[in-house]
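Before any comments, here is the structure.
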Amino acid sequence: METGDGGNLQSLANDCMKIITSALILSIYFVLYSVVHSWLASASVKGWMRRRIGPSADRWYRLGYNVFAALTLLPLLPLLALLPSQKLYQAPSPWRWLMMGGQLLALLAAAITLLQTGLFHFAGLAQLMKDRPDQTGSLTVDGFYAWVRHPLYTFSLIFLWLTPSMNSNSLTAYILFTLYFYFGSFYEERRLIDQFGPIYERYQQQVPRLIPIPGRRYMTQNQKV
């Protein structure tokens, strides 16, 4: 009996170590991805590319950046599938269908947000056809942006956390994505302040970062009167 209990404990310890190892591998991969992703988005790297390539860097940089970001994120899929994991839950009906419905709504809202901000500009395609690809766009403060400053992050997180099934690997990945979106929003807002100055600072004061708060939304001077 004691031998059996000892074997069960050893098996449990081995399973725990496998799960911890998987979480560490995913975390290391994600940290490396985040550091490289943020570094390539920095003004210093863009400036270096302009000096090396010339004005055409502004035309191709966004598209190349997006392609690189997508390709370097692809290894996450086999890591999630192949690394040892522990099933945490599978939502039963009707909750599974409600969660999937929430995911569809989040995808729809994210698509509307992309269309609002300019899908082709976001993808880097609009810059290819502009006479001045280095010219910055206008600050979007209406629609979903009137309620949260980073609606794409908000809807992405809603989509992730409404996944109807969860294992230890997906939980690790979702926590890492949440941290990346949260801390990445600070990095992004430093760039937006440099770009738009006091206009964006006033917008920051009125609108929450990621979670909408009843009664707090962006209002123009005319709306306040």
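What follows is calculated from the coordinates using simple rules that are stated; it is not laboratory data. In this text the structure is predicted, and so the values were computed from the model without any measurement. No Cβ is skipped: glycine too gets one built from the backbone with ideal geometry, and neighbour counts run over all protein chains shown.
Which value, in Å to one decimal place, does the Kirkwood hydrodynamic radius take for the chain when every pair of different Cα atoms is included?
It works out to 20.5 Å.
How much FRET efficiency would the formula 1/(1 + (r/R0)^6) give for F120 and S56, where r is the Cβ-Cβ distance and R0 is 22 Å, rounded to 0.05?
The value I calculate is 0.75.
For a Förster distance of 25 Å, can you work out the FRET efficiency between the beta-carbons of L79 and L40, rounded to the nearest 0.05? Present the calculation step by step, with values, prior to reporting the outcome.
Details: r = 21 Å, r/R0 = 0.85.
After rounding, the FRET efficiency stands at 0.75.
Could you bin all the Cα-Cα distances of the range 60-193 into 10 Å bins starting at 0 and give me the percent of pairs in each, rounded to whole numbers?
10, 31, 36, 17, 5, 0
Taking the Cα centre of each part, how many Å lie between the range 159-225 and the range 77-117?
19
Pick from T117, T72, T178: which is most flexible by mean-square fluctuation in a GNM of the chain where alpha carbon atoms under 10 Å apart are linked?
T72
In what order do F186, F177 fall by count of nearby beta-carbon atoms within 10 Å, going from fewest to most?
Going from sparsest to densest Cβ surroundings: F186, F177.
Report the gain in length on full extension from W97 to I112: 0.36 nm times residue separation, minus Cα-Cα distance, nm rounded to one decimal.
That pair, W97 and I112, stretches by 3.1 nm at full extension.
Quick check on the exposure proxy: order F144, F122 from fewest to most C-beta atoms within 10 angstrom. Before the final figure, lay out each step's value.
Details: F144 20, F122 15.
Ordered by Cβ neighbours within 10 Å, fewest first: F122, F144.
Which order do F196, F30 fall in if you start with the one that has the fewest other Cβ atoms within 10 Å? Display every interim value, and only then the final one.
Values: F196 15, F30 21.
Least to most surrounded, the residues fall as F196, F30.
With the crude spin-label approximation of a point 7 Å out along Cα→Cβ, what separation in nm comes out for A70 versus Y187?
2.1
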